[in-house]
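The values are calculated or read from the model by the stated rules, or taken from the named source; none is laboratory data. Values in this document were obtained by computation on a predicted structure and should not be read as measured data. Ideal geometry is used to build each Cβ from the backbone, glycine not excepted, and the neighbour counts take in all protein chains shown. Heads up: the accessible areas ignore ligands, DNA and RNA and are worked out on the full protein's heavy atoms, side chains in. Shrake-Rupley method; radii C 1.70, N 1.55, O 1.52, S 1.80 Å.
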Amino acid sequence: MKIFLDTIGCRLNQAEIETMSRQFRVAGHEIVASADRADMAVVNTCAVTTQAASDSRGKVRAIARAGVSEIAATGCWTTLQPKEAASLPNVKYIITNEKKDLLVSEILGLPKESFDHEPIDRVPIPGLHRRTRAFIKVQDGCDNQCTFCITTLARGEGRSRHIGDVIRDVNSALAGGSKEIVLTGVHLGSWGNDFGLHLRDLVKALLQDTDLRRLRLSSLEPWDLDADFFSLWEDARLMPHLHLPLQSGSDSTLKRMARKTTTDSFRELVDAARAAICDVAVTTDLIAGFPGETEAEFAETLGFVTEMNFSGGHVFSYSPRPGTGAARMKGQVKPELRKKRNRILQESIERSARSYRERFIGKSMPVLWESTTEYDEFGWRMEGWTGNYLRVSATAPSPRWNELDNVFLQEMGEGVIRGEIH
Ligand code: SF4
């Protein structure tokens with residue numbers, strides 16, 4: 001069969017369709033780049049915001065319109081709204097998150113062990129989700145109850161994958177030519193809690209027992225880390241980039257969010273990271289307009305964000321999610337005020353991100369090329385990432401997808417740094 005794999009939302013969803021791709025290929029099926037060439041499709045849906053849920057439905061409908069008669073819907077939105085997912089056109093399979101690891105064996109009617117011992121090289125998924133970097137799922141679910149979060153409801157309790165399974169996936173990715181491994185999970189920093197280990201043990205094992213060249217950690221909740229964790233970065237293969245979701249810079253808002261952090265402990269952690277890791281990029285997530293957020297609390301958040309001098313980040317306007325504690329809270333902020341606060345926070349982050357990027361103009365840094373486009377008869381335009389997550393573009397006479405080049409960083413562009421390959 002020709003299979004089309006589509007996903008929306010987080011890196012974990014991307015990691016999961018990469019695993020499905022490998023399993024379908026082990027079973028002798030072909031992964032195709034677009035729905036109009038497929039006999040069957042899988043859509044890994046998302047529910048993190050109202051918009052993501054709507055986009056998930058839109059993707060299923062578009063795939064049905066492209067002529068795919070058999071669609072499997074899985075992921076967070078499907079898990080929370082199985083009936084609605086089943087009512088969408090051509091949806092034949094509803095696979096909720098707790099069964100997602102068995103999706104391919106279930107659809108193909110194969111025993112679940114069919115893929116356990118089948119080492120097969122990772123091949124990037126063709127089409128939109130083609131990535132050089134291999135996203136590796138190491139953990140799922142979460143035991144926290146942040147009051148705005150629907151993911152913890154959709155993904156269930158926290159559970160970690162064993163080191164052996166993770167190393168197998170990493171080796172499959174390396175055998176498939178990946179030059180960067182990205183560890184991902186719902187609550188990555190809680191890896192190992194269920195068997196008395198810590199994420200630091202997994203990182204050490206991967207650096208010790210595999211030939212990986214670049215290792216990147218996805219989003220980490222600040223309360224899972226301590227200053228000692230940053231000694232891991234003595235190994236230069238660990239990318240100097242920490243994504244630490246702050247969500248709010250006001251302690252009273254953090255309390256209503258049930259976040260296990262305060263501005264003092266967050267500041268201390270970031271200071272420790274910056275002291276330990278040279279030129280580390282610290283990026284973050286923020287929620288604008290959380291229920292009950294007063295002008296004073298917003299001013300606190302803006303002040304703290306400016307002080308933290310982030311290297312980048314995402315600002316989400318608060319989106320009430322059915323079933324979460326925050327959706328039932330009094331003092332819901334008007335949508336237009338959420339939007340206004342979002343814009344102000346985004347501008348603050350963009351200012352500090354720009355001054356962070358400017359620090360590297362005139363320097364040479366290794367860049368892993370992620371996308372290539374032919375731009376004229378003389379060459380190709382590439383875009384890729386440095387270790388500290390700077391987006392860089394350059395041109396070359398031939399495509400250099402998935403190549404690691406040393407690049408002289410010449411000048412600032414819009415959100416990208418233009419460089420020259422050495
Ligand atoms: S730590 Fe909080 S925000 Fe993150 S997945 Fe868990 S409940 Fe959601």
> Out of (1) open to solvent by 20 Å² or more (accessible area, probe 1.4 Å); (2) not in a loop (DSSP other than H, G, I, E, B), what's the single condition that is false for residue 323?
Replying inline: (2)
>> Looking at segment 234-261 only, could you name the residues that are part of a loop (DSSP other than H, G, I, E, B) and open to solvent by 60 Å² or more (accessible area, probe 1.4 Å)?
In response: 236, 237, 260
> When you go through 231, 218 one by one, which is the residue that is touching a helix residue (DSSP H, G or I) at 6+ places or on another chain (Cβ under 8 Å), over 21 Å from residue 290 (Cβ atoms) and more than 16 Å from the ligand (Cβ to nearest atom)?
Replying inline: 231
> Looking at segment 262-286, which of its residues are outside any loop (DSSP other than H, G, I, E, B), within 16 Å of the ligand (Cβ to nearest atom) and over 17 Å from the mean Cα position of the chain (by Cα)?
Replying inline: 265, 266, 269
> For segment 396-414, what are the residues that are open to solvent by 30 Å² or more (accessible area, probe 1.4 Å) and either in the same structural domain as residue 180 (by TED's automatic domain parsing) or touching a residue at least 24 places away in the same chain (Cβ under 8 Å) (or both)?
Replying inline: 399, 400, 401, 403, 404, 406, 408, 410, 411, 412
> Do you know which residues across segment 131-173 are open to solvent by 20 Å² or more (accessible area, probe 1.4 Å) and either part of a helix (DSSP H, G or I) or more than 16 Å from the ligand (Cβ to nearest atom) (or both)?
Replying inline: 131, 151, 153, 161, 162, 163, 164, 165, 167, 168, 171
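Okay, residues lined up against (1) within 27 Å of residue 173 (Cβ to Cβ); (2) modelled with pLDDT under 95; (3) of a type in the set (Asp, Glu); (4) open to solvent by 60 Å² or more (accessible area, probe 1.4 Å):
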position	(1), (2), (3), (4)
19	yes, yes, no, no
36	no, no, yes, yes
45	yes, no, no, no
71	no, no, no, no
79	yes, no, no, no
84	no, no, yes, yes
> Which number in (1) in contact (Cβ under 8 Å) with a residue 24 or more places away in the chain; (2) open to solvent by 40 Å² or more (accessible area, probe 1.4 Å) marks the one condition that residue 176 misses?
Replying inline: (2)
